[in-house]
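To start, the structure itself, in structure tokens.
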Amino acid sequence: SLAGRDGHIRAVEPSCGIGRMVRALSSPTCPAGDKISWATVELSSVSSKIWRAIRPDVKHYQMSFEQFIREKGEAAKGRAGFLFSNPPYGERGAFALEDPDENYRETKAYVYFLRRGLELLAPGGLGVYMIPAAFLSGPSHRKQRERLLRRFHLSAAFRLPSHYPNAKGEPGKEFIPGAQVVIDVIFWRARGGELAEVDEAD
């Protein structure tokens, strides 16, 4: 179960935008929607204002995820039962210096969000990420994959189609307009400890 002792699921969205994913997971069609207590983070002040107007009940932080980690990370670490993230895919730039831990000086934003975000999960907690396919299948991220797999079990992975099929079943419009990148949805389960080496099952 993802829920704590009080029956509620403590959930985090570290790059929520205007909360589309949170709203989808809080809708009447989501079986656990009314039992999820969200904490959300968003850098954009405009998106944050819109999100606060839509869901004033959600604990929201208008700041970079790096700042959130620096200020709230120690208290939040290992407490979330669920985390969902569709992180930014670009370069981190100056934001890379906001996190004081040099072990997380990733150049790609999505790799940082993936590594740092999963640290917030409680043992058995589930982290769901939408990230570029290069992370799971590209040779350049082997070291980061191995580091994660020692602490988190790769429960499932789905590669999204690059285009929706049209009425004839042929590739139609882009699955994620303007993204121009193949996306994987990956599910990580927190082990609650660290293996000495990667499990062959992963």
So which aspartates and glutamates can LYS35 reach, going by Cα to Cα under 19 Å and dropping same-chain residues fewer than 8 places off?
ASP6, GLU13, ASP57
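For the pair GLU91 and LYS49, what calculated FRET efficiency results from E = 1/(1 + (r/R0)^6), where r is the Cβ-Cβ distance and R0 = 30 Å, to the nearest 0.05? Each step should come with its number before you reach the end.
Working: r = 26 Å, r/R0 = 0.87.
The pair LYS49/GLU91 has a calculated efficiency of 0.70.
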Net charge around TYR89, counting only other residues with Cβ within less than 13 Å of its Cβ (Lys, Arg = +1; Asp, Glu = -1)?
-1
Once Lys and Arg are counted +1 and Asp and Glu -1 for all other residues with Cβ under 13 Å from that of GLY19, the total becomes +3
Based on the alpha-carbon set only, what is the convex hull volume of the chain divided per residue, in Å³?
152 Å³
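Let's test the formula: R0 of 25 Å, r as the Cβ-Cβ distance of ASP202 and ARG70. What FRET efficiency results, to the nearest 0.05? Spell out each step's value before the answer.
Numbers: r = 30 Å, r/R0 = 1.21.
Using R0 = 25 Å, I get an efficiency of 0.25.
Going by average Cβ density within 10 Å per residue, which order do the peptides 108-114, 150-156, 128-134, 60-66 take, highest to lowest? Numbers along the way, then the final one.
Working: 108-114: 22.4, 150-156: 16.6, 128-134: 18.6, 60-66: 20.6.
Ranking the peptides 108-114, 150-156, 128-134, 60-66 by packing returns 108-114, 60-66, 128-134, 150-156.
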Could you sort 137-148, 181-192 so that the peptide with the highest average Cβ count within 10 Å comes first and the rest follow in order?
181-192, 137-148
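What percentage of the solvent-accessible surface of the chain, computed with a 1.4 Å probe over protein heavy atoms, is contributed by carbon and sulfur atoms?
52 percent
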What number comes out for accessible area per residue over the chain if the probe is 1.4 Å? Units Å², please.
55 Å²
What is the packing order of peptides 77-87, 48-58, taking the mean over residues of other C-beta atoms within 10 Å and listing the highest first?
77-87, 48-58
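Assigning unit charges at the beta carbon (Lys, Arg +1; Asp, Glu -1) and nothing else, what dipole magnitude in debye, to the nearest 20, does the chain show about its Cα centre?
Details: 29 positive and 24 negative charges, 79 e Å.
My answer is approximately 380 debye.
The values are calculated or read from the model by the stated rules, or taken from the named source; none is laboratory data. Since we're looking at a predicted model, the values are computed, not measured. Using ideal geometry, Cβ is built from the backbone for each residue, glycine included, and neighbour counts are taken over all protein chains shown. In case anyone asks, the SASA skips ligands and DNA or RNA and just uses the protein heavy atoms, side chains included. Shrake-Rupley method; radii C 1.70, N 1.55, O 1.52, S 1.80 Å.
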